[in-house]
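Asks: This is the structure I want to talk about, given as structure tokens.
The values are calculated or read from the model by the stated rules, or taken from the named source; none is laboratory data. These figures come from a predicted structure and were not determined experimentally. Glycine also receives a Cβ, built like all others from the backbone with ideal geometry; neighbour counts cover every protein chain displayed.
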Amino acid sequence: MSSTSETLLQVRNLTVRFPTIDGVVQAVSDVSFTLQRGETLGIVGESGSGKSVSNLAIMGLLNRKRALITGEILFNGRELLSLPPSEMQKIRGKDIAMIFQDPFACLHPMYRVGDQIAEAATAHGIGKHDADARAVELLDRVGIPNAKSRARDYPHQFSGGMRQRAMIAMALVHNPAILIADEPTTALDVTVQAQILELIDDVKQEFDIGVILVTHDLGVVAETADSVLVMYAGRIQEYGEADSVFKAPQHPYAWGLLDSMPTVERRLAQLVPIEGSPPSLIAPPPGCAFHPRCPHRFAPCDQEVPPLVAPEGAHADSCFLPLDRKLAIGSERAARRLGLAS
């Protein structure tokens, strides 16, 4: 993390609803977090947990005629949700940039890669000649060999890892303060995944930016994140420094995610899946959304939504279990994962 603490982003009580003919989809509910300069925030959870929708809201990419959005999103103290589209357009891509999970779908197949990166530069006022030079410079920076000649290639001539590198280059055109990476290693082999994650971390340090890393892979977060936000059914279940969350997880959902994650220590052990399925976001269960799948549920869980609170000496979680009980169960399950207990 950066030696100087500077808050780049504050998300406060973000709620996103999508009215449909079947009912209202409760995509994101009361989500709050901050991002500091030089920090990597990992947002994890199953598909449909609200990870991507939260970040699309930050980017101003949700259709405001179809999405009901409340709360606050403050970038350098400036509230984004209240900005007109023309003002948000000046911020998106320039100050806050995003890498999407499918670079092949994001790159136009009929245009050269370098031209597409240069277009991202000209969209915010850089001249064509300088934009072309910037495209080659950034392709070289993200590790594309022979960048000047490869800039004239089309997306299908790039491998999956090279296309993702090109998307990172495009995101860096204007030296943004925040980089959002939405499942940046999806469909890449393990070696290329590691290279892309290392590149994102190098970029964070070199440009001194804040990174939001969206993923369903806890292993990715464990390797790269400074802080972790665990989401389920549109709500935050656990939030804190990465070391604390991984060493002393406090929410039953986080325990389940960790138990289902393969590690070197458990390469011969059977993974333990979370029983049941994620709930409907149109008709979520009452109380804690995780309670139908939780082996530790008790009376209040099916009646009240537990608040996200941080007890003294611990990070924040949303569970009614007493802290000493959470820590005891978490330690026991951690020992089991490491093969230290039967």
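Asks: Please return the ranges of strands (runs of 3 or more DSSP E) entirely within region 23-123 where 2 or more residues are crowded, with 22+ Cβ neighbours inside 10 Å.
Replies: It comes to 23-36, 40-44, 96-99.
Asks: Can you tell me which residue in region 190-223 is surrounded by the fewest Cβ atoms within 10 Å (Cβ to Cβ), limited to those that are among the acidic types (Asp, Glu) and more than 12 Å from the chain's Cα centre (by Cα)?
Replies: Of the residues in region 190-223, the ones among the acidic types (Asp, Glu) are 198, 201-202, 206, 208, 217, 223.
Checking the rest, the ones that are also more than 12 Å from the chain's Cα centre (by Cα) come to 198, 201-202, 206, 208, 223.
Working: Glu198: 13, Asp201: 15, Asp202: 13, Glu206: 10, Asp208: 15, Glu223: 14.
Among them, the one singled out is Glu206.
Asks: Among the residues of region 237-255, how many are outside any helix (DSSP H, G or I) and among the basic types (Lys, Arg)? Even if it seems obvious, please write down each step before you answer.
Replies: So in region 237-255, the residues outside any helix (DSSP H, G or I) come out as 237-241, 248-251.
Pick out the ones that are also among the basic types (Lys, Arg) and you get none.
Count: 0.
Asks: Hey, Ser149 hits all of (1) more than 29 Å from the chain's Cα centre (by Cα); (2) in a loop (DSSP other than H, G, I, E, B); (3) among the small types (Gly, Ala, Ser) but one; which does it fall short on?
Replies: Tallying (1) more than 29 Å from the chain's Cα centre (by Cα); (2) in a loop (DSSP other than H, G, I, E, B); (3) among the small types (Gly, Ala, Ser), Ser149 fails exactly one: (2).
Asks: For residues that are touching a residue at least 24 places away in the same chain (Cβ under 8 Å) and out of contact with any helix residue (DSSP H, G or I) (no Cβ under 6 Å at 6 or more places or on another chain), scanning just region 237-246, find the one that is surrounded by the most Cβ atoms within 10 Å (Cβ to Cβ). Step through it out loud before you land on a result.
Replies: Residues of region 237-246 touching a residue at least 24 places away in the same chain (Cβ under 8 Å): 237-242, 244-246.
Checking the rest, the ones that are also out of contact with any helix residue (DSSP H, G or I) (no Cβ under 6 Å at 6 or more places or on another chain) come to 239-242, 244-245.
Details: Tyr239: 24, Gly240: 20, Glu241: 14, Ala242: 19, Ser244: 15, Val245: 28.
It comes out as Val245.
Asks: Restricting attention to region 229-282, and to residues there that are among the aliphatic types (A, V, I, L, M), closer than 20 Å to Ser318 by Cβ and over 19 Å from the mean Cα position of the chain (by Cα), which single residue is modelled with the highest pLDDT? Full working, then the answer.
Replies: Restricting attention to region 229-282, the residues satisfying the condition of being among the aliphatic types (A, V, I, L, M) are 229-231, 233, 236, 242, 245, 248, 254, 257-258, 261, 264, 268-269, 271-272, 274, 281-282.
Okay, now just the ones that are also closer than 20 Å to Ser318 by Cβ, so 229-231, 233, 236, 242, 245, 248, 254, 257-258, 274, 281.
Checking the rest, the ones that are also over 19 Å from the mean Cα position of the chain (by Cα) come to 248, 274, 281.
On the way: Ala248: 88, Ile274: 86, Leu281: 95.
The qualifying residue modelled with the highest pLDDT is Leu281.
Asks: Out of all the residues in region 76-96, which are within 16 Å of Ala121 (Cβ to Cβ) and either more than 21 Å from the chain's Cα centre (by Cα) or hydroxyl-bearing (Ser, Thr, Tyr) (or both)?
Replies: Listed by number, the residues that qualify are Gln89, Lys90.
Asks: Those residues that are within 21 Å of Ala334 (Cα to Cα) and acidic (Asp, Glu), I need them from region 271-312; list them, please.
Replies: Once the filter is applied, which keeps residues that are within 21 Å of Ala334 (Cα to Cα) and acidic (Asp, Glu), region 271-312 yields only Glu275.
Asks: Of everything in region 34-49, what is out of contact with any Ser or Thr (no Cβ under 8 Å at 6 or more places or on another chain) and not small (Gly, Ala, Ser)? Give them in sequence order.
Replies: Glu46
Asks: Here's a follow-up. Hey, could you check region 289-330 for residues that are in a helix (DSSP H, G or I), in contact (Cβ under 8 Å) with a residue 60 or more places away in the chain and not hydrophobic (A, V, I, L, M, F, W, C) and say which is surrounded by the most Cβ atoms within 10 Å (Cβ to Cβ)?
Replies: Per the stated criteria, the residue is Lys326.
Asks: What tally of residues in region 188-223 results from selecting those that are in contact (Cβ under 8 Å) with a residue 12 or more places away in the chain and in a helix (DSSP H, G or I)?
Replies: 18
Asks: Sticking with this one: Answer yes if at least one residue in region 224-236 is without any contact (Cβ under 8 Å) to a residue 40 or more places away in the chain and either in a strand (DSSP E or B) or buried (at least 17 other Cβ atoms within 10 Å of the Cβ) (or both), and no otherwise.
Replies: no
Asks: Output the residue which, of all residues in region 124-146 that are in contact with a helix residue (DSSP H, G or I) (Cβ under 8 Å, 6 or more places away or on another chain), in a helix (DSSP H, G or I) and among the hydrophobic types (A, V, I, L, M, F, W, C), is farthest from Phe104 (Cα to Cα).
Replies: The residue in question is Ala131.
Asks: When you look at Asp208, is it modelled with pLDDT of 90 or more and of a type in the set (Asp, Glu), yes or no?
Replies: yes
Asks: Suppose we filter Ala147, Ala187 for residues that are surrounded by fewer than 23 Cβ atoms within 10 Å (Cβ to Cβ), on the phi > 0 side of the Ramachandran plot, touching a Gly at 6+ places or on another chain (Cβ under 9 Å) and not polar (S, T, N, Q); which single one remains?
Replies: After ruling out the rest, the residue left standing is Ala187.
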